[in-house]
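Let me begin by presenting the structure, written as structure tokens, before commenting on it.
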Amino acid sequence: MQEFLSKLGRSASNAASRAGNKAEEIKEVSKLKSRISSARSDIGIAKKDIGDYCYKLFKEGKLEDPEIIELCEQIRDSYEEIENMEKMIEETREEYQERANAIGDETL
């Protein structure tokens, strides 16, 4: 019986040790994953900054790389499209405001 209890105690101790080891592993892996995520974020910021700088050079006519120029032209076209849609929004609002004013005038 004594031997059984001893084995049981060792098994419980080993299980607790394995659980503690696993918890430490999870903690360390989580720390590393957090650092990886932070590094990826830093990369994303740097890439955005590079893009902003390249677009600035494009607008100044200082780029020679045809692939970058093509990408900058796509960006420029998107900016123009956004500007046109913002104008359309303003025109739509004005049109509906005029309609609302006309309806209000009819009820007076």
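The values are calculated or read from the model by the stated rules, or taken from the named source; none is laboratory data. Remember, it's a predicted structure, so these values are computed and weren't measured experimentally. Cβ atoms come from the backbone with ideal geometry, glycine included; neighbour counts cover every protein chain shown.
Some observations on this one:
- Residue list for the stretch 53-69, filter: loosely packed, with under 10 Cβ neighbours inside 10 Å and either among the charged types (D, E, K, R) or touching a strand residue (DSSP E or B) at 6+ places or on another chain (Cβ under 9 Å) (or both): Glu60, Lys62, Glu64, Glu67
- Screening Glu86, Glu64 for residues that are assigned to a loop (DSSP other than H, G, I, E, B) and either free of Cβ contacts under 8 Å to residues at least 60 places away in the same chain or more than 35 Å from the chain's Cα centre (by Cα) (or both) leaves exactly one candidate, Glu64.
- Some residue of the stretch 74-81 being surrounded by 10 or more Cβ atoms within 10 Å (Cβ to Cβ), at pLDDT below 95 and either hydroxyl-bearing (Ser, Thr, Tyr) or at positive phi (or both): no
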